[in-house]
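Undergrad: For reference, the structure I am asking about is given below.
The values are calculated or read from the model by the stated rules, or taken from the named source; none is laboratory data. A quick note: this is a predicted structure, and the numbers were derived from the prediction, not measured. Quick reminder, even Gly has a Cβ in these numbers, built from the backbone with ideal geometry, and neighbours come from all protein chains shown. Just so you know, the surface numbers come from the protein's heavy atoms only, side chains and all, with ligands and any DNA or RNA stripped out. Shrake-Rupley method; radii C 1.70, N 1.55, O 1.52, S 1.80 Å.
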Amino acid sequence: MNRRTFLGSAVAAAAPSDRIAVAQIGVGWQGENNLKSFLRIPGVRLVAVCDVDAEHLSAAKNTVDAQYGDSGCAATTRFEELLARDDIDAVSLALPDHWHGIVSVMAARRGKDIYGEKPLAYNFAEGRAIVDAVARYGRIWQTGSWQRSVAQFRQACELVRNGRIGKVRRVEVGLPGGHTDFDKRGHEAAPMPPPKTLDYERWLGPAPVAPYSPARVHKTWRWNSDYGGGMLMDWIGHHVDTAHWGLGFDETGPFEVEGRGEFDPVHPVWNTVTKFRVTARYEGGVEMIVSGGYSDIRPGAKWIGDDGWIWVDRAGADAQPKTLFTSRIGPNEIHLPRSPGHHEQFIECVRTRGRTLTPASVALRSTTPGWLGIIAIGLGRKIRWDPVKQAVIGDATADRLLSRPMRKPWHLDWNES
């Protein structure tokens, strides 16, 4: 496809038909959840699924075909084949973090709107590439930071944004810690041949070569630093995203980040931080503590101001004074967008070309404290950050850690037309 042909297809994609054709890339676990969410939306048709695990792929195709009562859902192990199709309006991506950058940029270049899972990317440089590609090719992007589509999170953020607790001085973000053995295969860490149903070479993709073991893939891949960032990066797209939303920090970031962490010295594959405490400082005197694996901070997001505090989590919400949640937001105050549902809002924006609740540029900002925190923990020193230029200040080593070389032949190439 040359540039002229692409631009023509991009213009056509900007005004999709009444039926939105969606494809799901990555259908194991969260990908399956997203697939089922899109299947429930009127006017959406799941037309294709993609996965490198044949068992996951077959199950996903069967789910879609059963929903529609036919066998029309295409199934492939190659995302390139799927992205080359002109009849697909949008893609939903649920891949290990180390694949986010490549597939997202290619999807944007091919004229697809994108629902992409959190965190935005494996590292800052790949996240920046996603933001630039989405803007360059005029695509709609929704990050899977779905708490913005839940009423209690929106209400808590509206109260903070409208000054109900006075000037905010401190934010406490409590995340899980440790390494959860979701599929009960963490003990299977010794190298072994991959199953015939899994294209393991393809699964590794741009990540370094490593021997296969069940503990390395599927539901526990993020506990290895070659593919993800542990609990910190798993959850930062939820509670730090909520904290930023309440502060009105969707277009800014910290000027300084420091952190400390602990690691599991025993497991041969799982090597991400299991306990962590990251401190991010923002202009205006706001300090945010992101803690995981310790009991000093309550799970969720808590804003502490001069006149009280507000806390919110999936389990509920609380405040001091208690009457804050009965406070009415006036017509001239800040009203945050109400969502019909996170996947539904994405589809709505595909139709209208409006702004989603969690565009790529916002996800980049929400995730940055985590990327910088991991670098600070690894180097054992504070990282100074320019939130305007979005760049490390005066630390060449830290700057290099914002990116990672990709294993050939995988790459992000901006010169492709």
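Undergrad: Across the stretch 385-401, what is the total count of residues that are part of a helix (DSSP H, G or I) and open to solvent by less than 30 Å² (accessible area, probe 1.4 Å)?
TA: Kept after step one, since they are part of a helix (DSSP H, G or I), are these residues of the stretch 385-401: 396-400.
If we keep only those that are open to solvent by less than 30 Å² (accessible area, probe 1.4 Å) too, we end up with 398.
Of the residues in the stretch 385-401, 1 are part of a helix (DSSP H, G or I) and open to solvent by less than 30 Å² (accessible area, probe 1.4 Å).
Undergrad: What single numbered condition from (1) in a helix (DSSP H, G or I); (2) crowded, with 20+ Cβ neighbours inside 10 Å fails to hold for residue 158?
TA: (2)
Undergrad: Here's another thing I want to ask about it. Specify the residue that is surrounded by the most Cβ atoms within 10 Å (Cβ to Cβ); the eligible residues are those in the stretch 93-117 that are of a type outside the set (A, V, I, L, M, F, W, C) and assigned to a helix (DSSP H, G or I). Before you say what the answer is, go through the steps one by one.
TA: Our first condition is that a residue be of a type outside the set (A, V, I, L, M, F, W, C); within the stretch 93-117, this holds for 96-98, 100-101, 104, 109-113, 115-117.
Next, from what is left, pick out any that are assigned to a helix (DSSP H, G or I): 97-98, 100-101, 104, 109.
On the way: 97: 23, 98: 28, 100: 24, 101: 26, 104: 30, 109: 20.
Here the answer is 104.
Each row is one residue, and each column tells you yes or no for (1) out of contact with any Leu (no Cβ under 9 Å at 6 or more places or on another chain); (2) closer than 20 Å to residue 371 by Cβ.
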residue	(1), (2)
186	yes, no
191	yes, no
198	yes, no
201	yes, no
210	no, no
229	yes, yes
233	yes, yes
239	no, yes
246	no, no
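Residues are listed down the side, and each one gets a yes or a no for (1) out of contact with any Gly (no Cβ under 9 Å at 6 or more places or on another chain); (2) at pLDDT below 95; (3) surrounded by 19 or more Cβ atoms within 10 Å (Cβ to Cβ); (4) not aliphatic (A, V, I, L, M):
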| residue | (1), (2), (3), (4) |
| --- | --- |
| 170 | no, no, no, yes |
| 178 | no, no, no, yes |
| 182 | yes, no, no, yes |
| 190 | yes, no, no, no |
| 195 | yes, no, no, yes |
| 214 | no, no, yes, yes |
| 231 | no, no, yes, no |
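Undergrad: Same structure, new question: Just checking, how many residues over the stretch 236-277 are out of contact with any Lys or Arg (no Cβ under 7 Å at 6 or more places or on another chain) and among the small types (Gly, Ala, Ser)?
TA: 1
Undergrad: Counting just the residues of the stretch 64-78 that are part of a helix (DSSP H, G or I), free of Cβ contacts under 8 Å to residues at least 24 places away in the same chain and out of contact with any Cys (no Cβ under 8 Å at 6 or more places or on another chain), which one comes out surrounded by the most Cβ atoms within 10 Å (Cβ to Cβ)? Quick ask: steps written out before the conclusion?
TA: Of the residues in the stretch 64-78, the ones part of a helix (DSSP H, G or I) are 64-68.
Within this subset, residues satisfying the condition of being free of Cβ contacts under 8 Å to residues at least 24 places away in the same chain are 65-66, 68.
Filter once more, keeping what is out of contact with any Cys (no Cβ under 8 Å at 6 or more places or on another chain): 66, 68.
Values: 66: 11, 68: 13.
The qualifying residue surrounded by the most Cβ atoms within 10 Å (Cβ to Cβ) is 68.
Undergrad: Here is a further query. Right, residue 373: modelled with pLDDT of 95 or more, open to solvent by less than 90 Å² (accessible area, probe 1.4 Å) and over 24 Å from the mean Cα position of the chain (by Cα) or not?
TA: no
Undergrad: Could you list, in sequence order, all residues of the stretch 275-284 that are open to solvent by 50 Å² or more (accessible area, probe 1.4 Å) and either touching a residue at least 40 places away in the same chain (Cβ under 8 Å) or in a loop (DSSP other than H, G, I, E, B) (or both)?
TA: If the condition is that a residue be open to solvent by 50 Å² or more (accessible area, probe 1.4 Å) and either touching a residue at least 40 places away in the same chain (Cβ under 8 Å) or in a loop (DSSP other than H, G, I, E, B) (or both), then 275, 283 are the ones that fit.
Undergrad: Looking at the stretch 79-92, is at least one residue outside any loop (DSSP other than H, G, I, E, B), of a type outside the set (A, V, I, L, M), surrounded by fewer than 22 Cβ atoms within 10 Å (Cβ to Cβ) and at pLDDT 95 or above?
TA: So far as the stretch 79-92 goes, yes, one or more of its residues are outside any loop (DSSP other than H, G, I, E, B), of a type outside the set (A, V, I, L, M), surrounded by fewer than 22 Cβ atoms within 10 Å (Cβ to Cβ) and at pLDDT 95 or above.
Undergrad: Next question, about the same structure. Checking the structure you have, find out if any residue of the stretch 187-197 is of a type in the set (S, T, N, Q), assigned to a loop (DSSP other than H, G, I, E, B) and in contact with a helix residue (DSSP H, G or I) (Cβ under 7 Å, 6 or more places away or on another chain).
TA: yes
Undergrad: Take residue 138 and decide whether it is touching a His at 6+ places or on another chain (Cβ under 8 Å), farther than 19 Å from residue 329 by Cβ and either surrounded by 22 or more Cβ atoms within 10 Å (Cβ to Cβ) or modelled with pLDDT of 95 or more (or both).
TA: For residue 138, the condition - touching a His at 6+ places or on another chain (Cβ under 8 Å), farther than 19 Å from residue 329 by Cβ and either surrounded by 22 or more Cβ atoms within 10 Å (Cβ to Cβ) or modelled with pLDDT of 95 or more (or both) - is not met.
Undergrad: Within the stretch 120-154, count every residue that is polar (S, T, N, Q) and assigned to a loop (DSSP other than H, G, I, E, B).
TA: Selection size over the stretch 120-154: 2.
Undergrad: For the stretch 241-293, give me the residue count where each residue is within 30 Å of residue 188 (Cβ to Cβ), among the aliphatic types (A, V, I, L, M) and more than 20 Å from the chain's Cα centre (by Cα).
TA: Qualifying residue count for the region: 2.
Undergrad: Sticking with this structure for a sec: Identify all residues within the stretch 16-38 that are surrounded by 19 or more Cβ atoms within 10 Å (Cβ to Cβ), part of a loop (DSSP other than H, G, I, E, B) and of a type outside the set (Gly, Ala, Ser); write none if there are none.
TA: 27, the sole residue that qualifies.
Undergrad: Within the stretch 291-329, take every residue that is in a loop (DSSP other than H, G, I, E, B) and among the hydroxyl-bearing types (Ser, Thr, Tyr) and give me the one that is most open to solvent (accessible area, probe 1.4 Å). Spell out how you get there, then give the answer.
TA: Here is the first cut: in the stretch 291-329, the ones in a loop (DSSP other than H, G, I, E, B) are 293-299, 306-307, 314-315, 321, 327-329.
The next check asks that each one be among the hydroxyl-bearing types (Ser, Thr, Tyr); those that pass are 294-295, 327.
Working: 294: 60, 295: 122, 327: 36 Å².
Looking at the filtered set, the residue picked out is 295.
Undergrad: Residue under question is residue 41, and the condition is that it be surrounded by fewer than 21 Cβ atoms within 10 Å (Cβ to Cβ), modelled with pLDDT of 95 or more, more than 19 Å from the chain's Cα centre (by Cα) and under 25 Å from residue 363 (Cα atoms); does it hold?
TA: Judged against the criteria, residue 41 is a match.
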